[in-house]
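To keep things clear, I will list the structure first and then write my remarks on it.
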Amino acid sequence: MPLWFAMELDEETAVMAKGTMWQNLSSIIVKLCSFVYTILVARLAAQEQVGLFYFGLSIVGIMGIFADFGLSTAIQRYIPYHLGRKEKAVAEQVIRFSVTAGTALLALCSVATFLLADAFAAFFHNPGLGPVMQLLAIQLSIYAAFNILLSLLVAFKQLHAYSVGYSAQNVLKILLLLSLIFTLGVDARSLSITYMLSFVIPCFYLMWALLKPLSSLGQHPRFPLQTYWPIAREMVPFGLTIVGVVLFSNFVAYTDRVLLGYYLSSDVNPQIAIYTIASSFAGLVLIFAGSITPIFLPVVSELIGREDRARVQRMSQTALRWTLFSSVPIAAFVCAFAAPILRSLYGASYEAGAWVLVLFSLGTLASAMGAIQRTALAGMRLVRIELYSMICGAAVNVLLCLLLIPAYGINGAAVASLAAFSVMSLVNHHYASRRMGFSFPQSAWKNLLAGAVVLAVLMLIELAAYDPLVHLPIIIPDSALLGGVLDKLIKMAVLGVFLGAGSLLYLVLVNVLHLFEPEDRAVFGKILSKFGVPRAWQTPLARMVFWDARLHAGEETK
């Protein structure tokens, strides 16, 4: 057996690797489903209706902050913290308090959103907004319940069930859209209905999946009401801080669209549609990196419960390294091919969002570079620092939106978002350095340099490939549904070739710059085994990925 494969990973790294693997599988399904969903929405619905749907979703998203009340994040922090301290009874109290308080808040926020829907429509002089918001008000409570159930699974490190539930919701979103378009038509209201229903069925599965981890807490007598006071005193301030964090986070995420709706004098809904489709596609940058932070929070919270700060520091460095490996090459590709991506997949009318896609991709990468520091600080209960970060980001976003949207429209809003993401990441890193001694490794700068080289090469390729790609001939007429699907599949395949070429160049540079660690190779081996790759193939596959001679030192077979 190769020594690298026999290397024993510590418990935390093994849990994070396994959780990340399931999260990656889920993330791929989710991103692909979201990708297909946005294409269907853009192709089947009028741009006016697309913009109206996403405009309503943005406003309801801000209202949804108060439906969650920070409980989803508090659950992920406090349950593993008390389990790490062997306090199962307290962990059960946290769950009971969260579910009881959460149910009351769900009902209250849904009713408030429903009653205020017409007032919002009048304020924005957008009469179609009222009925859409009333439908989404119902969806608001379902979505908040869905999030609480997911958070309970994350707290128990049940990432397989989490991935199944989250993936099922995204698959259902597409199936419901396709099944109802022939009866309801495709407008903002039907989009709202199908979006809402896609969360209902997975909730039943998530509740079933929680039965086993909940039973592991054991049987405890009924807790007297006064025993909940210490839990409430601990969780409510934490939750209020999270509300503030999410409030300002959603200001960053949604204020741009709300201000676009306020400032743009013509084609408001179509412009918001272009902006939303382009900025949503930028989420592809985190298709793998976004899988790391959900499992990192319970892992780091449990380590903090054990008061093992040395491992917190080491796990943070590992998580940041994996985040960069999984996001830098994708960001380079999306930035280089922004225009042909939007034109080929969504239509010529969406190509106007190319700069939005570029700026949001860079902003998403900047945000990912501070996500690990932010998560570690949350595990240390220093969420007020995240609140400072969000306040700074929201202030920058609003100020720049006010200055840039009147002159530059959607591109100005994208610049504001990039600046906000960058500021938040810098603030998180600053406090992580001060409070936990976190240092941004030199290898991270080399990683970004490799990404810059890949971006430059892909931009040169895009210059030559743009015209052939967007005018790729399709045998079946594009007006037919089958022709449209075939057109997208072929162009996706061609774009995938360019992504593969950029990723291969990135792999070469990562090996040349010696950015891999022995731990990375051990994790790779565990993943190969998990997927049932034969032992005889594992060493050759590992040698194809890891070229650094020091990673092969001492390799032998028994």
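On the given criteria, is THR20 farther than 29 Å from MET492 by Cα and modelled with pLDDT under 65?
Details: farther than 29 Å from MET492 by Cα: no; modelled with pLDDT under 65: yes.
Judged against the criteria, THR20 is not a match.
Within region 128-140, not a single residue is outside any helix (DSSP H, G or I) and among the polar types (S, T, N, Q). Taking the numbered list (1) closer than 24 Å to ILE148 by Cβ; (2) at pLDDT 75 or above in turn, GLY51 passes all entries but (1).
When residues of region 313-337 are filtered for being assigned to a helix (DSSP H, G or I) and more than 16 Å from GLU519 (Cβ to Cβ), how many remain? Show your work before the answer.
Step one: list which residues in region 313-337 are assigned to a helix (DSSP H, G or I), which gives 313-336.
Those left that are additionally more than 16 Å from GLU519 (Cβ to Cβ): 327-336.
Residues meeting the conditions: 10.
When THR194 is tested against the conditions (1) crowded, with 20+ Cβ neighbours inside 10 Å; (2) polar (S, T, N, Q); (3) touching a Ser or Thr at 6+ places or on another chain (Cβ under 6 Å), the lone failure is (3). Considering region 164-191, the residues that are of a type in the set (Val, Ile, Thr) and surrounded by 14 or more Cβ atoms within 10 Å (Cβ to Cβ) include one that is nearest to LEU83 (Cα to Cα), namely VAL164. Among residues of region 406-430 being out of contact with any Ser or Thr (no Cβ under 8 Å at 6 or more places or on another chain) and more than 24 Å from LEU357 (Cα to Cα), the one that is surrounded by the most Cβ atoms within 10 Å (Cβ to Cβ) is HIS429.
Quick one: what pairs do we get from region 362-381, first residue on the phi > 0 side of the Ramachandran plot, second not small (Gly, Ala, Ser), C-beta under 7 Å, 6+ apart or different chains? Matching pairs, first to second residue: ARG381/PHE238. Per the conditions (1) closer than 24 Å to ALA338 by Cα; (2) among the aliphatic types (A, V, I, L, M); (3) touching a residue at least 24 places away in the same chain (Cβ under 8 Å), the sole criterion not satisfied by ALA407 is (3). Being at pLDDT below 80 and within 25 Å of GLY261 (Cβ to Cβ), is that true of even one residue in region 144-166? Checked against the condition, which is being at pLDDT below 80 and within 25 Å of GLY261 (Cβ to Cβ), region 144-166 yields at least one hit.
Scanning region 321-355 for residues that are in contact with a Phe, Trp or Tyr (Cβ under 6 Å, 6 or more places away or on another chain) and hydrophobic (A, V, I, L, M, F, W, C) yields one hit, LEU342.
Looking only at region 103-123, which residues are at pLDDT below 80 and out of contact with any Asp or Glu (no Cβ under 8 Å at 6 or more places or on another chain)? Outline the logic, then answer.
Kept after step one, since they are at pLDDT below 80, are these residues of region 103-123: 103-107.
Within region 103-123, THR103, ALA104, LEU106, ALA107 qualify.
Filtering region 166-207 to residues that are touching a residue at least 60 places away in the same chain (Cβ under 8 Å) and charged (D, E, K, R) leaves LYS173, ASP187. With respect to the conditions (1) crowded, with 21+ Cβ neighbours inside 10 Å; (2) closer than 23 Å to ILE304 by Cα, TYR388 falls short on a single one, namely (1).
Inspection of region 314-336 finds a residue satisfying the criterion of being surrounded by fewer than 24 Cβ atoms within 10 Å (Cβ to Cβ), more than 21 Å from the chain's Cα centre (by Cα) and either modelled with pLDDT under 85 or of a type in the set (Lys, Arg) (or both). Scanning region 117-137 for residues that are aromatic (Phe, Trp, Tyr) and either crowded, with 23+ Cβ neighbours inside 10 Å or free of Cβ contacts under 8 Å to residues at least 24 places away in the same chain (or both) turns up just one, PHE123.
Scanning region 316-350 for residues that are of a type outside the set (A, V, I, L, M) and closer than 15 Å to THR38 by Cβ gives ARG343, SER344, TYR346, GLY347, SER349, TYR350.
The values are calculated or read from the model by the stated rules, or taken from the named source; none is laboratory data. If you're wondering where the values come from, they're calculated on a predicted model, not measured in any experiment. Every residue, glycine among them, receives a Cβ derived from its backbone with ideal geometry; neighbour counts consider all protein chains shown.
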